[in-house]
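See below for the structure under consideration.
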Amino acid sequence: MDGEREFKPRVVGFLCNWCCYGGADLCGVSRFQYPPYIRVIRVMCSGRVDPAFVLRAFANGVDGVFVGGCHINDCHYNTEGNYDAFGMVGIVKKLLEQIGLDPERLRLEWVSAGEGIRFAEVMNDFSAKLKKMGPMGKSEGVAEDVLKRRLDAAMKMIPYIKLAERERLHSNQRTEEAYAKFYASEEFDTLFKKLITDKLEISQMIALLREKPRTTGELAELLGLTPSEIARHANISARQGLCRFDESKNLVAAAYYENDDQRTGAQTDTVRAAALDNEKIEAIIAKYEGKPGALIHVLMEIQSENHWLPKEILNAISDRLNVPLSRVMQVASFYKTFSLTPKGRHRIHVCSGTSCHLRGADELLNSVQELVGVKAGEVDADARFSLETGCCLGSCTLGPEMIVDGEHHGRLSSDRVEEVLKNYA
Ligand code: FES
Ligand code: FES
């Protein structure tokens, strides 16, 4: 290859003060040779290396990141920081894979202060692999702006990722074998997908929406997902107040914009809640226009039509019936009939009355929760089902009982739940 054009990878190395840094020092003093690509940052312990350091290094264009610590169980701190480094690297490698980068660009090694020759060997091997991989991003076919957006989205999630690591994404056994096995296991892949992947996609989606409102098709193309996956993310984010989703136009807008006037929310207002474009709802409000005394009637009719009362609808009711918004909110939040959170397309109600309880309502509820994937009071990610429990439904001899969209399913055993729910698409 032409000497001038030869690719020289840029590498950042985080070396623990007590072992790996000593190893690197001995390597230099002993004149062991390795390519001069690495820029060393000394940290007191490999456990001090935060995922943000690694992602920021990649965001600044390095081709590889090296983390070096003491051998497992030789960490100089009681916390055994090298296990934390093990977990951090396991998770960030997976994150790099999601972002579209080769996970091998991040390398973790244990090097003691007496292993100068080993440090040189590791550096030679890592440099050779990085040279083979080529420049970060370009070699993986990820455009610079896309990579920047993905890394930004991942960096925003770091506090959450650390929490997920502490609570779920680690091995319960502190041995090198157990850690290696856990981060290579299917269990880790499944947990990562469940806890991180969706959130990373949502974080990228919101970043795109903060530039301007977009359609689900546009977002799907930009993020390499299907429109239905985008619709699912938009539904979840809308429920959390991160965006507005007009399902009738498949249009999504962020809750606020980078360059928008924060006071007027001009761009956000271009996407109206779908309920505001519903002719039946418009007719209900028009029927009672200027009649403050009809507040409860309007709320009940809209609740029965839309299954929940979005903020935009409550504002419209307040304006057009001439009732202060505080009064509308007071009524809407007082009665259990009204819901201020979205409901699924199908509403499941599991009776928790005494008779049903004695006949196995708890077991029935557990099966429903397991099948639908949500707890009572929640809506599933696809907004297909919302689950509620409540007191006696007045048909105790049929217990345990479940009602779906007003249809009673009595004497329902747990093993029949799936069969019943299959009928509600
Ligand atoms: S002190 Fe070296 S890894 Fe903790
Ligand atoms: S206790 Fe469930 S219907 Fe009466």
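The values are calculated or read from the model by the stated rules, or taken from the named source; none is laboratory data. Since we're looking at a predicted model, the values are computed, not measured. Here the Cβ positions follow ideal geometry from the backbone for every residue, glycine too, while neighbour counts run over all protein chains shown.
Here are the numbers for the structure shown:
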quantity	calculated
Total residues in the stretch 106-129, condition farther than 17 Å from residue 184 by Cα and either of a type in the set (D, E, K, R) or within 24 Å of the chain's Cα centre (by Cα) (or both)	5
3 or more residues in contact with a strand residue (DSSP E or B) (Cβ under 8 Å, 6 or more places away or on another chain) and away from ligand 1 (no atom under 16 Å from the Cβ): qualifying helices (runs of 4 or more DSSP H) within the stretch 71-158	81-99, 116-133
Any hit, the stretch 106-120, residues being surrounded by fewer than 21 Cβ atoms within 10 Å (Cβ to Cβ), free of Cβ contacts under 8 Å to residues at least 40 places away in the same chain and either assigned by TED's automatic domain parsing to the domain that holds residue 51 or not aromatic (Phe, Trp, Tyr) (or both)	no
Candidate set: the stretch 325-351, residues that are of a type in the set (Val, Ile, Thr) and at pLDDT 90 or above; chosen: the one nearest to residue 401 (Cα to Cα)	350
Output for the stretch 343-366, where each listed residue is in contact with a Lys or Arg (Cβ under 9 Å, 6 or more places away or on another chain) and crowded, with 17+ Cβ neighbours inside 10 Å	344, 346, 359
From the options 29, 40, residue that is touching a Leu at 6+ places or on another chain (Cβ under 7 Å) and either farther than 24 Å from residue 153 by Cβ or more than 16 Å from ligand 2 (Cβ to nearest atom) (or both)	40
Sole residue being under 16 Å from residue 420 (Cβ atoms) and either assigned by TED's automatic domain parsing to the domain that holds residue 296 or not acidic (Asp, Glu) (or both), chosen from 377, 360, 353	360
Every residue from the stretch 224-251 that is crowded, with 20+ Cβ neighbours inside 10 Å and either assigned by TED's automatic domain parsing to the domain that holds residue 378 or at pLDDT 85 or above (or both)	230, 233, 234
Test: residue in the stretch 313-330 that is away from ligand 2 (no atom under 16 Å from the Cβ) and closer than 29 Å to residue 372 by Cα	yes
Candidate set: the stretch 295-324, residues that are surrounded by fewer than 17 Cβ atoms within 10 Å (Cβ to Cβ) and modelled with pLDDT of 90 or more; chosen: the one farthest from residue 385 (Cα to Cα)	322
Close pairs (7 angstrom Cβ cut-off, 6 or more residues apart or separate chains): within 26 Å of residue 250 (Cα to Cα) in the stretch 277-291, modelled with pLDDT of 85 or more and not aliphatic (A, V, I, L, M) anywhere	284/301; 285/320
